[in-house]
Amino acid sequence: MTSKNWENTPAGKHRARGLGLRLPGEPGSYNTITDVAGVEVGYTTLIEAEHIRTGVTGLLPRGRQGADTACMAGSYSLNGNGEMTGTIWIEEIGELQTPITITNTASCGVTRDATLRWLVENDIGTDQDWGLPVAAETYDGDLNDINGFHVTAQHAMAALDGAASGALEMGSVGGGTGMTTYEYKAGSASASRLIEIGTAQYTVGTFVQSNFGLRAELTVLGVPIGRELSSGAFRSKGSGSIIAIVATDAPLLPHQCKRLARRVPLGLARTGTIGHNSSGDIFLAFSTANRQALQSGGVRHLDALADSELDPLFQAVVETVEEAVLDAMIANEAMTGRNGLTVHALPHDDLLVLLKRAGKI
């Protein structure tokens, strides 16, 4: 099975598979988190003057029509130099009850509060008159005037209003607009996998806001290509962060969602990172199954996979994280931002030469 959506973004940018990279697993129709039925993603992208390179990503776990219904969820932090609000409540109750926003470090509080405003203004109830939204961030201050506080509540609400299913644009869009990975231009990306457990088929999708790593660490399909491509590197030490959101329609309990979130670092490791001290590597996984059970009170009756059946989901998480990080760089182009800094795009031709030399394509 092949799909043009696996090879290019809606704007026509090449993805990893479009360059011929032989990545494992079978993606869903769009090879994005939106292959999990109901999940919707929207962007607000801010590229203005010479110093504003930022934005907001909004993610609705059950789409706008299901925004009043929680999902089973769990979170995990590999390294905590970052922020993802609302996770203390998720740890307590095992449910994700709100939309998710991802933006830059200085705007995380703005998008958190805007999510509450969006729920109120759209009369979306969650069986309570308060909420603890999930808002996450990574630092875009190399390219963006981060302390200019250019992201507003209206930008966050527009990203949520614009959230949709289907194909997703990738690269320098939404919250990922000003982000870099392995000192190449990166940002927002996603991937999915179809898996079978017994006679049932499930989908796992991951969305990343990728912003981490040093050039020399970059590894693609097991090949340490970053050691060969030093041009344009601009950091002297590791910094930056990554946010990963994992979604599945497999019926999971909260502790099982946390187990999925714990597999994200294994996918990141395939791309070469060591998880630097100054990096915020924070992950959230949720399940869209058991909708009726999460709408009712009293005794809840729900389905759940046995823990012994989870290995295919673990593999899917690892594969989608690796592919999404690669796509964040591959589906991108150079950007010049604050103080005249230019962050170069991962050179496709050089990448392919090195992979061919290693017999990987």
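The values are calculated or read from the model by the stated rules, or taken from the named source; none is laboratory data. Computed from a predicted model, the values in this text were never measured in an experiment. Neighbour counts run over all protein chains shown; Cβ positions are idealised from the backbone, glycine included.
Would you mind stating whether Ala158 is closer than 25 Å to Arg53 by Cβ, touching a Ser or Thr at 6+ places or on another chain (Cβ under 6 Å), crowded, with 24+ Cβ neighbours inside 10 Å and in contact (Cβ under 8 Å) with a residue 40 or more places away in the chain? Step through it out loud before you land on a result.
Working: closer than 25 Å to Arg53 by Cβ: yes; touching a Ser or Thr at 6+ places or on another chain (Cβ under 6 Å): yes; crowded, with 24+ Cβ neighbours inside 10 Å: no; in contact (Cβ under 8 Å) with a residue 40 or more places away in the chain: yes.
Considered against the rule, which asks whether it is closer than 25 Å to Arg53 by Cβ, touching a Ser or Thr at 6+ places or on another chain (Cβ under 6 Å), crowded, with 24+ Cβ neighbours inside 10 Å and in contact (Cβ under 8 Å) with a residue 40 or more places away in the chain, Ala158 comes out as no.
Criterion first (surrounded by 23 or more Cβ atoms within 10 Å (Cβ to Cβ) and part of a loop (DSSP other than H, G, I, E, B)) does Thr103 satisfy it?
Numbers: surrounded by 23 or more Cβ atoms within 10 Å (Cβ to Cβ): yes; part of a loop (DSSP other than H, G, I, E, B): no.
So Thr103 does not fit the description; no.
Restricting to segment 134-146, what's the tally of residues that are outside any loop (DSSP other than H, G, I, E, B) and within 19 Å of Ser278 (Cα to Cα)? Quick ask: steps written out before the conclusion?
Step one: of segment 134-146, the residues outside any loop (DSSP other than H, G, I, E, B) are 134-138, 146.
This time we only want the ones that are within 19 Å of Ser278 (Cα to Cα), so: 136-138, 146.
Here the count works out to 4.
Just checking, how many residues over segment 152-174 are farther than 22 Å from Leu214 by Cβ and not in a loop (DSSP other than H, G, I, E, B)? Quick ask: steps written out before the conclusion?
Step one: filter segment 152-174 for residues farther than 22 Å from Leu214 by Cβ, giving 152-170, 173-174.
Filter again for not in a loop (DSSP other than H, G, I, E, B), leaving 153-161, 164, 174.
Final tally of qualifying residues: 11.
Against the condition surrounded by fewer than 24 Cβ atoms within 10 Å (Cβ to Cβ) and touching a Gly at 6+ places or on another chain (Cβ under 9 Å), how does Gly238 come out, does it pass? Step through it out loud before you land on a result.
Working: surrounded by fewer than 24 Cβ atoms within 10 Å (Cβ to Cβ): yes; touching a Gly at 6+ places or on another chain (Cβ under 9 Å): yes.
Answer is yes for this residue.
Can you confirm whether segment 184-198 contains a residue that is over 19 Å from the mean Cα position of the chain (by Cα) and free of Cβ contacts under 8 Å to residues at least 24 places away in the same chain? Lay out the reasoning, then the answer.
We begin by selecting, within segment 184-198, every residue over 19 Å from the mean Cα position of the chain (by Cα); these are 195-198.
Filter once more, keeping what is free of Cβ contacts under 8 Å to residues at least 24 places away in the same chain: none.
Among the residues of segment 184-198, not one is over 19 Å from the mean Cα position of the chain (by Cα) and free of Cβ contacts under 8 Å to residues at least 24 places away in the same chain, which makes the answer no.
Name the residue that is farthest from Leu284 (Cα to Cα), counting only residues in segment 112-133 that are in a helix (DSSP H, G or I) and without any contact (Cβ under 8 Å) to a residue 40 or more places away in the chain. Outline the logic, then answer.
Restricting attention to segment 112-133, the residues satisfying the condition of being in a helix (DSSP H, G or I) are 112-121.
With without any contact (Cβ under 8 Å) to a residue 40 or more places away in the chain added as a condition, the list becomes 112, 116, 120-121.
Values: Arg112: 16, Leu116: 19, Val120: 24, Glu121: 26 Å.
Here the residue is Glu121.
What number goes with the only condition from (1) out of contact with any strand residue (DSSP E or B) (no Cβ under 6 Å at 6 or more places or on another chain); (2) closer than 21 Å to Asp249 by Cα that Ala269 does not pass?
(2)
Can you find a residue that is modelled with pLDDT under 95 and under 19 Å from Thr98 (Cβ atoms) anywhere in segment 277-293?
Looking for residues that are modelled with pLDDT under 95 and under 19 Å from Thr98 (Cβ atoms), one finds at least one in segment 277-293, hence yes.
Is there a residue in segment 176-197 that is assigned to a helix (DSSP H, G or I) and surrounded by 24 or more Cβ atoms within 10 Å (Cβ to Cβ)? Full working, then the answer.
The initial filter retains those residues of segment 176-197 that are assigned to a helix (DSSP H, G or I), namely 176.
Now restrict to residues that are surrounded by 24 or more Cβ atoms within 10 Å (Cβ to Cβ): 176.
Yes.
Suppose we keep only residues that are basic (Lys, Arg) and free of Cβ contacts under 8 Å to residues at least 60 places away in the same chain within segment 302-361. Which one would you say is farthest from Ala250 (Cα to Cα)? Walk me through it before giving the result.
First pass over segment 302-361, keeping only residues basic (Lys, Arg): 338, 356-357, 360.
If we keep only those that are free of Cβ contacts under 8 Å to residues at least 60 places away in the same chain as well, we get 356-357.
Working: Lys356: 37, Arg357: 40 Å.
Within segment 302-361, the match that is farthest from Ala250 (Cα to Cα) is Arg357.
Restricting to segment 281-301, and then to whatever is of a type outside the set (Gly, Ala, Ser) and without any contact (Cβ under 8 Å) to a residue 60 or more places away in the chain, can you tell me which residue is farthest from Pro24 (Cα to Cα)?
The first filter runs over segment 281-301 and keeps only residues of a type outside the set (Gly, Ala, Ser), leaving 281-284, 286, 288, 290-292, 294-295, 299-301.
Still in the running and without any contact (Cβ under 8 Å) to a residue 60 or more places away in the chain: 292, 299-301.
Values: Gln292: 34, Val299: 41, Arg300: 38, His301: 36 Å.
Across segment 281-301, the extreme among qualifying residues is Val299.
The conditions are (1) more than 24 Å from His150 (Cβ to Cβ); (2) touching a residue at least 60 places away in the same chain (Cβ under 8 Å); (3) surrounded by 23 or more Cβ atoms within 10 Å (Cβ to Cβ), and Gly55 fails exactly one of them. Which is it?
Condition not satisfied by Gly55: (1).
Contact list please: Cβ distance under 8 Å, first residue in segment 73-99 and crowded, with 18+ Cβ neighbours inside 10 Å, second residue basic (Lys, Arg), pairs at least six apart or on different chains.
Pairs found: Gly74/Lys258; Gly74/Arg259; Ser75/Lys258; Tyr76/Lys258; Tyr76/Arg262; Thr85/Arg112; Gly86/Arg112.
Starting from segment 254-280, take each residue that is within 22 Å of Arg227 (Cβ to Cβ) and list its partners that are at pLDDT 95 or above and hydroxyl-bearing (Ser, Thr, Tyr), counting only C-beta distances under 6 angstrom and pairs at least six apart or across chains.
From segment 254-280, the pairs are Thr271/Thr219; Gly272/Thr219; Ser279/Ser241.
Residue by residue through segment 266-300, note down the ones that are crowded, with 20+ Cβ neighbours inside 10 Å, under 17 Å from the mean Cα position of the chain (by Cα) and of a type outside the set (S, T, N, Q).
If the condition is that a residue be crowded, with 20+ Cβ neighbours inside 10 Å, under 17 Å from the mean Cα position of the chain (by Cα) and of a type outside the set (S, T, N, Q), then Gly267, Leu268, Gly280, Asp281, Ile282, Phe283, Leu284, Ala285, Phe286 are the ones that fit.
Gln209 passes all but one of (1) outside any helix (DSSP H, G or I); (2) touching a helix residue (DSSP H, G or I) at 6+ places or on another chain (Cβ under 7 Å); (3) surrounded by fewer than 24 Cβ atoms within 10 Å (Cβ to Cβ); which number fails?
(3)
Exactly one condition in (1) within 19 Å of Leu46 (Cα to Cα); (2) out of contact with any Ser or Thr (no Cβ under 6 Å at 6 or more places or on another chain); (3) polar (S, T, N, Q) is not met by Thr101; state its number.
(2)
Would you mind telling me which numbered condition in (1) free of Cβ contacts under 8 Å to residues at least 60 places away in the same chain; (2) over 21 Å from Ser279 (Cβ atoms); (3) under 21 Å from the mean Cα position of the chain (by Cα) Leu218 fails?
Of the numbered conditions (1) free of Cβ contacts under 8 Å to residues at least 60 places away in the same chain; (2) over 21 Å from Ser279 (Cβ atoms); (3) under 21 Å from the mean Cα position of the chain (by Cα), the odd one out for Leu218 is (2).
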